[in-house]
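Structure first, commentary second.
Any read-out appearing in this document is the output of simple, stated calculations on the displayed coordinates, not a laboratory observation. The structure displayed is predicted, hence computed values, not measured ones. Reconstructed Cβ throughout: ideal geometry from the backbone, glycine too, with neighbour counts over all protein chains shown.
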Amino acid sequence: MRRLAPYQSGLWLAEYGDVRCQLCRIYRSTPQFHLPQNHSSAIPPNNHSFFTKLRQHVNDRFNSGLLCSHCHHSLAWLPKPFEVDIAAGTVLSIQAATYYDYPIRQAIRAFKHHEDMTKLPLLLHVLRQLPRPQGCHRDNSVIVAMPTTNKRLVKRGFDPVSILAAQLSKHWHIPLWHGVERIDNTVSQQGLTRAERLSNLVNAFALIEIPPVKRLILFDDVATTGASLQALGRTLYSQSFSLVGLNSQSTSRYQLSAYALAHGSQL
């Protein structure tokens with residue numbers, strides 16, 4: 001049996017080792033087959049896979065889900081999408097799975113800042129409420145996770161956005177693309193005003209290769225004002241066309257959309 005990564009162990013422990021609701025921590029969790037299913041686009045797994053059989057065995061044994069029915073229903077309504085400008089006459093639509101409020105806020109902070117992997121199953125449950133972009137599939141789309149700086153990666157020791165994006169990639173069956181890097185001279189966005197966020201993100205990203213497809217799905221964990229996704233979108237919109245030598249009339253060939261785990265104030 002192959003060795004599980006730490007975050008994978010956290011997934012199993014939290015998902016199958018605790019019968020309390022992972023959100024409110026008060027009521028018992030409800031088996032997933034008792035909960036109404038959201039618009040999932042996942043392809044049925046390979047029933048002959050070892051890990052599929054092991055998961056089914058553990059699921060049958062514990063027969064519990066992640067959330068109580070009340071908390072599950074509280075996450076059933078997606079926030080209204082909001083838009084940010086990325087070029088003259090061009091906007092980027094950002095859809096979040098939930099709001100950055102208590103108790104999701106505490107779960108995200110525990111995962112991001114304290115590497116609490118037991119919060120990951122809850123965050124993935126929330127993330128899976130996002131509908132896959134219409135018309136997008138593995139042959140015409142890629143997911144672009146918000147890149148982090150090398151300095152921040154060394155300091156934190158892991159990249160929470162990449163972990164979430166990898167799970168979203170598996171859920172939607174759309175590959176990740178790592179063609180953008182983040183410059184090390186930017187600071188954390190947390191606690192900054194919108195004007196400070198925009199100023200901090202000027203020239204924060206650089207394209208290192210041409211996008212392989214025309215549909216680019218941007219992803220971040222928390223979209224507060226949308227400034228980070230806006231800056232990333234502007235980089236993809238402008239630099240990708242200069243790399244391939246396209247003129248402004250051809251830029252409509254690329255379609256950009258953005259998704260986030262949560263939307264709201266970080267204060």
**Prompt:** For the residue pair Y102 and R138, what label-to-label distance in nm results when each label sits 7 Å from Cα along the Cα-to-beta-carbon direction?
**Reply:** 4.3
**Request:** Please say if the stretch 104-181 is rounded, prolate or oblate, where rounded means a/c under 1.5 for a ≥ b ≥ c the square roots of the C-alpha gyration tensor eigenvalues, and otherwise the choice is prolate for a/b larger than b/c and oblate otherwise?
**Result:** oblate
**Message:** Run the reach check for K119 against lysines, Cα to Cα strictly under 19 Å, same-chain hits fewer than 8 apart removed. What comes back?
**Reply:** K170
**Prompt:** lysines within cross-link reach of K151: Cα-Cα under 24 Å, excluding same-chain residues under 8 positions apart?
**Reply:** K112
**Complete:** For K112, K80, K151, ascending order of other Cβ atoms within 10 Å (fewest first) is K80, K151, K112
**Message:** 7 Å from Cα along Cα→Cβ at both D184 and I208: what's the point-to-point distance in nm?
**Reply:** 1.3
**Request:** Measure off 7 Å from each Cα along the Cα-to-Cβ vector at S238 and H73, then give the distance between these two points in nanometres to one decimal.
**Result:** 4.8
**Fill in**
Stretched fully, the stretch from E115 through E83 gains (0.36 nm per residue minus C-alpha distance, one decimal, in nm) 8.4 nm
**Asked** What ranking of R105, R138 emerges when the number of other C-beta atoms within 10 Å of each C-beta is taken as an exposure proxy, fewest first?
**Response** R138, R105
**Message:** How would V91, V144 line up from fewest to most surrounding beta-carbon atoms within 10 angstrom?
**Reply:** V91, V144
